[in-house]
1. For a distance above 21 Å, tell me the whole-number percent of Cα pairs in the range 26-152 that qualify.
2. Filter the trypsin sites (Lys or Arg not before Pro) in the range 76-113 to those in DSSP coil with at most 12 other Cβ atoms within 10 Å of their Cβ, and list the result.
3. Determine ³J(HN,Hα), in whole Hz, for all residues of the range 42-48 in sequence, where each value follows from phi through the Karplus function 6.51 cos²θ - 1.76 cosθ + 1.60 and θ = phi - 60°; x replaces Gly and Pro.
4. With θ taken as phi - 60° and the coefficients 6.51, -1.76 and 1.60, list the Karplus ³J(HN,Hα) couplings across the range 127-135 in order, rounded to whole Hz; mark glycine and proline as x.
5. What shape does the range 80-137 take by its C-alpha gyration tensor, where a ≥ b ≥ c are the square roots of the eigenvalues and a/c under 1.5 counts as rounded, a/b above b/c as prolate, and the rest as oblate?
6. Counting only C-alpha contacts under 8 Å and six or more residues apart, can you give the relative contact order of the range 26-152 as a whole percent?
7. Under 20 Å from a point 7 Å along the Cα-to-Cβ line of Lys106: which residues of the range 49-74 have their amide N that close?
8. Roughly how far apart, in whole Å, are the Cα centres of the range 102-118 and the range 137-152?
Amino acid sequence: MLVHLVVTNQIAMRYNIPPPGDFSSFHIAATTTAVCNSTRPTLTIRVDLRYQGRREETNMVIINLKLLSGYGLQQSTLQELKRESSVKRVDFEEGYINIYLDGLKKEVLRSYSVTLEEEEAVRNLRPAVVKVYDYYQTSDEAVADYSSPCAERDDVNDLLLERLEPPTRSTSIKLKPD
């Protein structure tokens, strides 16, 4: 008995070559101005962004801004953002603001501002992240961070305490009974 067997294999290889580290389809910068000497310090975060990719215009773009720990969104900020003609929608979730834009034209700088109020003092505050990305091509993204000039840092406070009160050391000696 003679059997002929035919086997066909098809292999599809897909791979992603990431762009060089110094290139991004977006340019983003976050700058912070603050009023620190009030009972409830406020921060205004200005996000500047520009599309610099290959296309003439992007799809829908999302700016995802994480709030700093201990800070809340000033409610008037949402209304101001919604009045912007380029803003399609604004979502506020616990700790995040998502700003949806219809799109960005190539090399046109856009700026958006958000005001935060301190709700609880937090020591050793870490920077928060602002991310911008194309909704339909999520690999087109850029990230920046911002921090509060009002924040107290633990290491600075600890250094000041050390200068005021030098650390004390205690030594215990065990005596052997005779």
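Each value in this text was obtained by applying a stated rule to the coordinates, not by laboratory testing. This structure is a prediction, so every number in the text was calculated from the model and none was measured. Neighbour counts are summed over all protein chains in view; Cβ atoms, including those assigned to glycine, are modelled from backbone coordinates with ideal geometry.
1. Working: 2995 of 8001 pairs.
Looking at the range 26-152, the distances longer than 21 Å represent 37 percent of pairs.
2. Values: sites: Lys82, Arg83, Lys88, Arg89, Lys105, Lys106, Arg110; in loops: none.
In loop regions of the range 76-113 (DSSP not H, G, I, E or B), there are no sparsely surrounded trypsin sites (Lys or Arg not before Pro).
3. 10, 10, 10, 9, 9, 10, 9
4. x, 10, 9, 10, 10, 10, 8, 7, 4
5. Working: a/c = 2.21, a/b = 1.85, b/c = 1.20.
Cα axes put the range 80-137 in the prolate bin.
6. Details: 301 pairs, mean separation 46.1, N = 127.
Contact order relative to length: 36 percent.
7. From the range 49-74, the list is 49-62.
8. 13
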